[in-house]
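Single-structure report; data block below.
The values are calculated or read from the model by the stated rules, or taken from the named source; none is laboratory data. Predicted, not measured: the structure shown is a model, and the values here were computed from it. As a convention, Cβ positions derive from the backbone with ideal geometry for all residues, glycine included, and neighbour counts pool all protein chains shown. Areas reflect the complete protein model, heavy atoms only, side chains present, ligands, DNA and RNA absent. Shrake-Rupley method; radii C 1.70, N 1.55, O 1.52, S 1.80 Å.
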Amino acid sequence: AWSVTYTAPLSTTGSLLVVAPSSGSAGITVTIMHASGLARKAARLDSSSNLEYVGVIDYNDGHRKDFFNRNPDGSISGSHFVDGVAVADFTAKKPLQALPREVLKWLQSLDLSYSVRNAKRDFTNGFLVAEIFTRYYPSKDISMHSFENGTKAACRNDNWEQLFRFFKRNNIPLGRMDFEPVNMSITGAAQALVIKIYTHLTKRTVPVFKIQDLPTEEMVASVIRKEESIEMTQAAPPPLEMQAQEEVSGQDAYRVFEAARQNRPVERSTPRAVAERPEAVPLDIAEVKARTLTKNVAQLRAQQTQIQQAHSQKSRGATNPSGRKSSAGTDNGPSTPSLGYVGATKPAIDVMRPIVTAVLQENERVMKSLDPRKDVVASFMELCRTLVPEAMCVQVFDGLSNQAGQLADAMLKSPAEFYRVWKLYCSALVEFSERSPVFESVVHLFKRFGLKMGEEDAVLTQQLMVDVGLPSLAPLLKDSAGKREPLCELIYTYTQPQVLSRLGVLRALKEAVDDMPVYVDCLSYFVPMETQAELLDEMLLAHYRYYAMVALQCPQPKIRVAGLAILVTVTGSSEDHASSVLSLLPSFTELVYDDWWEVKAQLILLTAQLLGHLSGSQGSAEDAASEALLLVVSRLFSAPDTSKIVLQVGLCALVGSLRHFPMLLPGYVAALLRQPAYLRERLIHGAKADDGFVLPPRRVKYARSTSSRSYEERCICDSWPAVAIARTLAEQAEASKLEHFEPEHLEVLTACLPELDVDLGEEWLAVFEKVKAYVFVALIDPALHHGAREVVRRFWLCRPQTVALKAIEASKSTLLKMLRINYSDTGHTRVQEDDLLDLLREMRDAGGAIGAMLQHVVDNFREAHNVEFQRSRLDALFE
């Protein structure tokens with residue numbers, strides 16, 4: 001075991017490099033295992049294609065390699081390359097195989113509950129570590145009453161979690177990367193941790209001496225040949241018979257030795273004659289005596305059943321099912337889980353048969369099609385894709401889900417039952433489309449199994465998923481992108497809610513899939529479940545960040561989308577995680593020029609998340625990051641080739657940042673006006689159900705592709721700064737010298753205005769002053785009349801009355817110009833006079849200042865433009 005340290009951006013100080021001989025290969029097998037959760041096997045070559053280095057560790061994925069040189073002290077150091085680019089430096093050193101004498105004396109002086117004989121074993125559960133710290137810290141900070149000296153995974157994890165909280169509370173420089181390898185019994189990890197504790201508590205350093213390397217095979221062979229030659233010259237020649245025997249035995253020994261070195265089977269040597277032994281004593285075999293059977297068959301069966309039940313009870317009393325050792329958990333037990341225990345539980349097929357039969361009996365055609373030579377459940381699964389109606393299939397699987405508890409008990413007591421049930425129903429996951437209700441019901445059934453089994457034995461449940469589930473799900477994950485999200489949720493229902501357990505399942509999934517793009521895509525679906533379970537600690541965060549960065553460099557656009565999706569979820573999980581993603585800003589800002597629409601959609605989501613994190617932050621670094629993010633938004637909103645879907649996603653995501661970053665407003669309003677009417681209506685008025693009610697925020701798939709992701713769509717009017725949006729709209733109309741409003745302008749302006757029962761602030765008068773000319777011109781346009789009419793009503797009838805009076809007074813001259821244009825003989829299409837008179841009558845009937853203002857305007861219109869007045873019916877307003 002070699003302790004290895006990677007620099008940023010991997011940031012995996014305290015990682016482990018495990019080296020073991022590889023039989024039948026020219027190099028050696030290397031397993032890299034560091035805090036990000038990365039664990040893969042590779043071959044360290046004797047030479048490197050890069051002349052600057054002597055060796056290389058190839059990760060066998062076509063992307064990553066570690067080039068290194070040997071150092072005088074026996075360590076190696078080099079650089080971690082991704083696609084031929086060096087991204088981080090690393091060093092690897094051989095760890096201590098035993099504790100130094102000085103540290104052992106220190107441990108003996110602490111008078112611990114038991115002496116340290118094997119550091120790897122004795123420190124695994126953290127109990128002795130807690131006892132060491134009780135000698136230096138008061139009992140109020142750490143108490144031995146809360147620690148248990150056990151070997152089970154639950155016990156060890158609980159001890160280390162308590163210690164981790166104690167370390168953080170007392171600012172002790174020990175983290176998960178220090179004690180997780182100890183918990184996993186990694187060679188050399190316990191020694192490194194104890195030395196670090198010794199240095200921290202005693203403020204003394206431990207001298208480390210270099211261990212002399214063992215001689216090579218060539219050196220040993222040369223020494224042996226030299227000694228043999230000396231002995232042959234000094235010793236007298238033996239008799240010829242003894243020489244012959246020694247030659248034969250020497251040849252045999254040499255052949256065995258060479259076969260062991262070359263790892264090949266030993267051939268048979270020349271047979272030697274075996275001398276007879278005349279003095280051998282003959283064997284006296286007693287005669288077999290038969291015993292009569294005094295019990296009948298029924299009694300024997302009853303006796304056998306009692307013995308089995310007694311054995312079952314004894315096994316249950318001696319072994320806690322939740323404490324079984326498994327390679328899927330964190331125990332240092334065997335690589336296979338316990339095979340359960342025998343009990344009086346019905347086989348799973350006996351539980352499922354009556355449920356399936358009861359449903360199928362409702363359809364005579366299906367019952368006649370069942371194969372009488374097979375069990376009804378197996379025959380049903382053969383016909384469910386072609387003959388059995390979907391509704392009936394769903395009914396069957398729902399009925400099985402209701403009995404998931406009983407089926408889970410049978411599968412836990414006999415993992416072979418789990419294998420049979422899984423193989424029986426897994427075919428439905430392959431045959432049915434992800435949009436089929438049958439597929440959803442089968443996924444729900446497997447989730448119910450995982451939840452019920454996890455409640456009884458979480459370790460065995462996870463191991464069954466690793467050994468049985470993942471090998472069968474891996475091809476489906478590779479071939480069906482649309483099924484990855486529900487299948488990832490299914491996998492995690494069988495996984496223990498612990499960091500190391502999650503990492504173990506992720507490693508197993510990576511090996512089963514053996515496809516980096518597919519694995520990264522699956523990670524993008526796993527990370528929301530990590531944040532929901534609050535398990536995204538330093539180790540998992542480093543794991544997801546690493547693969548996200550790998551994905552961003554992938555030539556496949558869908559994998560770049562997955563990498564950005566991981567960063568989006570991580571950013572939204574906490575402020576600390578957002579800061580860690582912000583440090584990667586230079587790695588993804590250039591994706592603004594990407595050709596794939598969904599890459600841009602995820603990029604604008606990530607930008608919105610980071611802007612929300614930076615809102616209210618001050619400092620030169622924060623200002624620089626904000627400017628870079630705002631530039632990304634500006635380029636996406638202003639580019640003419642930006643997809644309307646990207647704009648829709650950005651308008652929903654960035655609405656919350658408009659108050660803190662007002663420089664976003666011009667691009668935001670321009671993008672909103674560019675949207676098609678049906679998309680803009682969903683943003684302004686919200687999506688509506690068939691009965692007309694507005695739906696809450698929902699997730700929408702904008703593309704029909706099975707690999708496309710869903711995005712949140714909501715009504716932006718509930719979150720935007722309405723006055724600032726309206727002011728920006730008016731300023732842009734003035735700056736562009738717009739001749740008249742379009743329907744989208746009035747739609748946005750109306751959406752900004754509050755309802756009539758809500759007070760209108762004084763700041764709205766400045767907006768009205770800028771838009772009144774466009775609004776009154778729109779009143780006589782047939783296409784814009786109804787929108788402009790609503791705007792006029794909002795200002796003239798608003799509360800408080802002081803604001804309404806000011807708006808009415810500011811409308812006199814503009815209203816007069818509108819009447820002259822409407823009744824002039826220009827030949828342009830005008831709004832129906834009845835519609836215009838209806839608005840004026842409604843305002844006149846409101847009374848007060850509005851009626852007086854209208855009469856004043858009509859009188860001025862009669863006097864100043866009498867010809868146009870005679871063409872109208874305005875005189876009927878004030879008869």
Which pairs turn up if I take residues in region 862-874 that are farther than 18 Å from Leu839 by Cα and touching a residue at least 24 places away in the same chain (Cβ under 8 Å) and look for partners that are polar (S, T, N, Q) and open to solvent by less than 40 Å² (accessible area, probe 1.4 Å) with beta carbon separation below 7 Å, at least 6 apart in sequence or on another chain? Glu868/Ser824
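Yes/no matrix, rows are residues, columns are (1) touching a Gly at 6+ places or on another chain (Cβ under 6 Å); (2) part of a helix (DSSP H, G or I); (3) open to solvent by less than 20 Å² (accessible area, probe 1.4 Å); (4) of a type outside the set (D, E, K, R):
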| residue | (1), (2), (3), (4) |
| --- | --- |
| Phe439 | no, yes, yes, yes |
| His444 | no, yes, no, yes |
| Glu455 | no, yes, no, no |
| Leu460 | no, yes, yes, yes |
| Leu464 | no, yes, yes, yes |
| Leu476 | no, yes, yes, yes |
| Gly504 | no, yes, no, yes |
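Pick from region 181-196 the residues that are outside any helix (DSSP H, G or I) and over 17 Å from Glu161 (Cα atoms): which of them is most open to solvent (accessible area, probe 1.4 Å)?
So the residue we want is Thr187.
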Residues of region 602-642 being over 27 Å from the mean Cα position of the chain (by Cα), of a type in the set (Ser, Thr, Tyr) and at pLDDT 90 or above, which ones? Ser634, Ser638, Thr642
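Tell me which helices (runs of 4 or more DSSP H) are completely within region 518-631 and hold 3 or more residues being more than 24 Å from Arg64 (Cα to Cα) and hydroxyl-bearing (Ser, Thr, Tyr), or say none if there are none. If you could, list the steps in order and put the result at the bottom.
Working: elements: 538-552, 557-573, 575-582, 585-588, 597-614.
Here the list reads 557-573.
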Of the conditions (1) open to solvent by 40 Å² or more (accessible area, probe 1.4 Å); (2) within 24 Å of Ala722 (Cβ to Cβ), Pro640 clears all except one; give me its number. (2)
Enumeration of residues in region 698-734 that are closer than 30 Å to Tyr525 by Cα and of a type in the set (Ser, Thr, Tyr): Tyr702, Ser705, Thr706, Ser707, Ser708, Ser710, Tyr711, Ser719
Hits in region 38-87 (condition: part of a strand (DSSP E or B), out of contact with any Asp or Glu (no Cβ under 8 Å at 6 or more places or on another chain), among the hydrophobic types (A, V, I, L, M, F, W, C) and at pLDDT below 75): Ala39, Val87
Go through region 157-175 residue by residue and tally those that are touching a residue at least 40 places away in the same chain (Cβ under 8 Å) and more than 18 Å from Thr199 (Cα to Cα). 1
Six or more apart or on different chains, Cβ under 9 Å: which pairs go from a residue in region 373-398 that's touching a residue at least 12 places away in the same chain (Cβ under 8 Å) to one that's open to solvent by 60 Å² or more (accessible area, probe 1.4 Å) and not in a helix (DSSP H, G or I)? Could you list them? Met392/Glu362; Cys393/Arg385; Gln395/Glu362
Residues within region 198-214 that are surrounded by fewer than 20 Cβ atoms within 10 Å (Cβ to Cβ) and at pLDDT 85 or above, tallied: 6
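Just to be sure, is Leu535 of a type outside the set (Asp, Glu), in contact with a helix residue (DSSP H, G or I) (Cβ under 7 Å, 6 or more places away or on another chain), more than 18 Å from Asp479 (Cα to Cα) and in contact (Cβ under 8 Å) with a residue 60 or more places away in the chain?
Values: of a type outside the set (Asp, Glu): yes; in contact with a helix residue (DSSP H, G or I) (Cβ under 7 Å, 6 or more places away or on another chain): yes; more than 18 Å from Asp479 (Cα to Cα): yes; in contact (Cβ under 8 Å) with a residue 60 or more places away in the chain: no.
Considered against the rule, which asks whether it is of a type outside the set (Asp, Glu), in contact with a helix residue (DSSP H, G or I) (Cβ under 7 Å, 6 or more places away or on another chain), more than 18 Å from Asp479 (Cα to Cα) and in contact (Cβ under 8 Å) with a residue 60 or more places away in the chain, Leu535 comes out as no.
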By residue number, the members of region 739-762 that are open to solvent by 50 Å² or more (accessible area, probe 1.4 Å) and not charged (D, E, K, R) are His740, Pro743, Leu756, Val758
Mind counting the residues in region 150-183 that are out of contact with any strand residue (DSSP E or B) (no Cβ under 9 Å at 6 or more places or on another chain) and within 20 Å of Val459 (Cα to Cα)? 15
Residue check for Asp845: within 20 Å of Lys772 (Cβ to Cβ) and at pLDDT 85 or above: no
Going through region 678-696 one residue at a time, which ones are at pLDDT 75 or above and assigned to a loop (DSSP other than H, G, I, E, B)? Gly686
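Can you pull out the residues in region 706-730 that are free of Cβ contacts under 8 Å to residues at least 40 places away in the same chain and not aliphatic (A, V, I, L, M)? Before the answer, list the steps.
Filtering region 706-730 for residues free of Cβ contacts under 8 Å to residues at least 40 places away in the same chain gives 710, 715, 717-718, 722.
Answer for region 706-730, where residues must be free of Cβ contacts under 8 Å to residues at least 40 places away in the same chain and not aliphatic (A, V, I, L, M): Ser710, Cys715, Cys717, Asp718.
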Conditions: (1) in contact (Cβ under 8 Å) with a residue 40 or more places away in the chain; (2) farther than 18 Å from Leu746 by Cβ; (3) more than 58 Å from the chain's Cα centre (by Cα). Leu815 meets all but one. Number of the miss? (2)
Which of the residues spanning region 844-879 are surrounded by fewer than 18 Cβ atoms within 10 Å (Cβ to Cβ) and among the aliphatic types (A, V, I, L, M)? Ala846, Ala849, Ala852, Ala864, Val867, Ala876, Leu877
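For (1) among the basic types (Lys, Arg); (2) farther than 30 Å from Ala88 by Cα; (3) in contact with a helix residue (DSSP H, G or I) (Cβ under 7 Å, 6 or more places away or on another chain); (4) at pLDDT 90 or above, each residue gets a yes or a no:
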| position | (1), (2), (3), (4) |
| --- | --- |
| Gly454 | no, yes, yes, yes |
| Met465 | no, yes, yes, yes |
| Glu485 | no, yes, yes, yes |
| Leu509 | no, no, yes, yes |
| Leu540 | no, no, yes, no |
| Gln553 | no, no, no, no |
| Arg560 | yes, no, yes, yes |
Quick one: which of Ser472, Ser433 is free of Cβ contacts under 8 Å to residues at least 60 places away in the same chain, surrounded by fewer than 21 Cβ atoms within 10 Å (Cβ to Cβ) and either at positive phi or outside any helix (DSSP H, G or I) (or both)? Ser433
Within region 384-398, does at least one residue satisfy the condition of being within 21 Å of Thr493 (Cα to Cα), of a type outside the set (Lys, Arg) and surrounded by fewer than 14 Cβ atoms within 10 Å (Cβ to Cβ)? no
What pairs can you find where one residue is in region 650-665 and within 18 Å of Val748 (Cβ to Cβ), the other is polar (S, T, N, Q) and buried (at least 21 other Cβ atoms within 10 Å of the Cβ), and their Cβ atoms are less than 9 Å apart, with a gap of 6+ or different chains? Gly650/Thr607; Leu654/Thr607; Pro662/Thr728; Leu664/Ser657; Leu665/Thr728
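Have a look at Lys94, Lys140 and point out the one that is among the charged types (D, E, K, R), open to solvent by 20 Å² or more (accessible area, probe 1.4 Å), modelled with pLDDT under 85 and over 30 Å from Ile57 (Cβ atoms). Even if it seems obvious, please write down each step before you answer.
Working: Lys94 fails: over 30 Å from Ile57 (Cβ atoms).
Every option except Lys140 fails the conditions.
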Could you grab me the full set of residues in region 159-194 that are among the aliphatic types (A, V, I, L, M) and touching a Pro at 6+ places or on another chain (Cβ under 7 Å)? Ala189, Ala192
